[in-house]
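Right, one structure below, let's go through it.
The values are calculated or read from the model by the stated rules, or taken from the named source; none is laboratory data. Everything quoted here is computed from the prediction, not taken from an experiment. Cβ atoms come from the backbone with ideal geometry, glycine included; neighbour counts cover every protein chain shown.
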Amino acid sequence: MKYKRISFGQGKGSITHNNRTFIANNVDKNRIANNVTFIEKPIGEMYEELFGSAVERYNVRQKRNDRKIHSTYYEHLFHCKPSNSVTTASDKRKSFYEDVVQIGKMEDSGYGTEDFQLVADCLTEYMNGFQARNPNFYVFNAVLHMDEATPHLHIDYIPIGHYKRGMDTQNGIAQALKEMGYGEGKQAIARWREKEVDVLNEICRRNGIEPLPPEKARGTLEVAEYKEQRRKAEQLAVENEKSQSELDALNDELKSSTEKKVKIVEIDSIETKKSRFRKKISLSEEDFQNISDLAKKQVASVKQTKKLKSENAELLQKVTALEVQVKFLTTKLEKYKQPAPFSREQLKKSAEKVSELEQLKSKYRKALEFINTRALATEFEVFQRTTTKSKNLE
C-alpha cells in the first residue's frame, strides 16, 4: 500500500492561469499539451444560461421600472463586466469559487515518479463524478494540470440557490449547500469538503493508495509564494529545534552548577592550610586562578542581586506612595463631582433676587431713556456728583 497526502483547498480563482492564457514560471511549456480540460465555458455565457430566465421572470413581476434589472445578472450583482478572476459583490457573494485538489507531493507523485500517472487517473475519476454529486455547484471550468511539478485539479464553479423573495434563482453558496443537504451555518462548507475528501479517499484506496489526512490549505497563495512559506516554516522549525537543544544544555549546566554550589565568603582569604592529617593541599597556579575568577564572579553576582533588591524596594515605595496619592486625588475629584447642596427654598430665594435685579435694571434703562429724551443728561450728571459728594461727607 502506498501512503500519500491529500490536498483539498480553496484556490485563488484565475481562469487565465488555469487555461494557460497566462503561463507562470513553474509551468513546463513542453507538457502543456498533456493537460486535461473537462469543461471550458466563458463565465459570462454561464451566467446568462443559469440566470437569464430568472431575470426575465423577476422583471415581469415588477410594476415599477426602477426595480427591474436592466443589465445582465452578473453586471447587476458585481457592477462590472464578466471577469476571469474572482469578483466579490458588496454583500460578500463571489462570482465563482475554485477548489484545488491534489494527491501526493512532488517527492512521491511528481513528474518523473512511477505514480505520476496513477494520481492523475485518480483525479480524473474524481472530477468525472463531481457535477453529479454537487448539482448546485455548476462547473464552468475544470482543468487537470499535468505540466507542473505534481498533477492537480482546478475546479471552478458557480453556486446556485433557489429563493422565495427576489429572483427565484440566484448566486448563493449558503443556499446551495443547504439544498444539497449540508445544513446551515459556517460549518456547512466544512461538512461538504469533508464529504468530498471521503469520495477522493475511496477512489485512492481502490487504486492502491492509502490517503493521509489533508494538509492545511494554502488559501489563495500562488505556488511560488506557497513554496517560499513552506521553506521559511521548515527553516524556523530547524532553528526552533536548535534553540530548544541549546536551552536544554543550559538547563543541564545550571542544574549541575546548582548541585556543586558552595558558600564563599572571601576568596582572597583562601590559602592552603594543614589538614588534620597534617598534609598540605597544593593547587596549581592555573587552578587557583580559575577558582578565584569563578568565586569573584559569584561575589559580584550576589552584590548585583542585593543592589537590584534595594532598587526594587525603592521603586515599590514610590509606587505605594503614588497609589496613595492617586487614591487621595480620586476621592477629592469625586467630592467636586457631587452636586451643590442647595435646598429648594434657597434656590427659590436666589431666583427671586435675580428677578428683582432684572426689574431694577429695566427701570434704570427706562429712566436713562427718559432723561435722554428730555435733554436732562447734564442736569442728571450734576445731580449724581452732588449726591456722591453728600454721601462722602457723611
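Of the residues Thr16, Thr113, only one is surrounded by fewer than 17 Cβ atoms within 10 Å (Cβ to Cβ), of a type in the set (Ser, Thr, Tyr) and part of a helix (DSSP H, G or I); which? Walk me through it before giving the result.
Numbers: Thr113 fails: part of a helix (DSSP H, G or I).
From the options Thr16, Thr113, the qualifying one is Thr16.
Residues are listed down the side, and each one gets a yes or a no for (1) farther than 19 Å from Asn34 by Cα; (2) more than 36 Å from the chain's Cα centre (by Cα):
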{"site": "Gly52", "(1), (2)": "yes, yes"}
{"site": "Val55", "(1), (2)": "yes, yes"}
{"site": "Glu75", "(1), (2)": "yes, no"}
{"site": "Glu107", "(1), (2)": "yes, no"}
{"site": "Thr113", "(1), (2)": "no, yes"}
{"site": "Asn136", "(1), (2)": "yes, no"}
Give the range 90-110 a look and list any residue that's under 14 Å from Arg5 (Cα atoms), surrounded by fewer than 17 Cβ atoms within 10 Å (Cβ to Cβ) and either touching a residue at least 40 places away in the same chain (Cβ under 8 Å) or not assigned by TED's automatic domain parsing to the domain that holds Tyr182 (or both), or say none.
Lys105, Met106, Gly110
Pairs with Cβ under 8 Å, 6+ apart, first in the range 18-35 and in the same structural domain as Glu98 (by TED's automatic domain parsing), second at pLDDT 90 or above and in a helix (DSSP H, G or I)
Arg20/Ile32; Thr21/Ile15; Phe22/Thr16; Ile23/Lys29; Ile23/Ile32; Ala24/His17
Restricting attention to the range 175-197, does a residue exist that is polar (S, T, N, Q), closer than 20 Å to Lys12 by Cβ and modelled with pLDDT of 95 or more?
no
Restricting the first residue to the range 182-205 and requiring it to be farther than 14 Å from Arg5 by Cα, which pairs with a second residue that is acidic (Asp, Glu) and surrounded by 13 or more Cβ atoms within 10 Å (Cβ to Cβ) meet a Cβ separation below 9 Å and a spacing of at least six or different chains?
Arg193/Asp99; Glu196/Asp99
I'd like to know if the range 80-90 contains one or more residues that are within 33 Å of the chain's Cα centre (by Cα), of a type in the set (A, V, I, L, M, F, W, C) and over 27 Å from Arg61 (Cα atoms).
yes
Within the set of pairs 6 or more residues apart or between chains, which connect a residue that is touching a residue at least 60 places away in the same chain (Cβ under 8 Å) inside the range 128-155 to a residue that is surrounded by fewer than 18 Cβ atoms within 10 Å (Cβ to Cβ) and hydroxyl-bearing (Ser, Thr, Tyr) with Cβ atoms less than 6 Å apart?
Val143/Thr37
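Taking only the range 165-192 into account, find how many residues are of a type in the set (Lys, Arg) and either farther than 23 Å from Val101 by Cα or touching an Asp or Glu at 6+ places or on another chain (Cβ under 8 Å) (or both).
Restricting attention to the range 165-192, the residues satisfying the condition of being of a type in the set (Lys, Arg) are 165, 178, 186, 191.
Restricting the remaining residues to those that are either farther than 23 Å from Val101 by Cα or touching an Asp or Glu at 6+ places or on another chain (Cβ under 8 Å) (or both) gives 165, 178.
Residues meeting the conditions: 2.
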Just one of the numbered conditions (1) over 30 Å from Ile203 (Cα atoms); (2) under 33 Å from the mean Cα position of the chain (by Cα) is not true of Val60; which one?
(2)
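Filter the range 154-169 down to the residues that are part of a strand (DSSP E or B) and in contact with a His (Cβ under 8 Å, 6 or more places away or on another chain), then identify the one that is surrounded by the most Cβ atoms within 10 Å (Cβ to Cβ).
From the range 154-169, those part of a strand (DSSP E or B) are 154-162, 169; that's our starting set.
Filter again for in contact with a His (Cβ under 8 Å, 6 or more places away or on another chain), leaving 154, 169.
Numbers: His154: 22, Thr169: 19.
The residue in question is His154.
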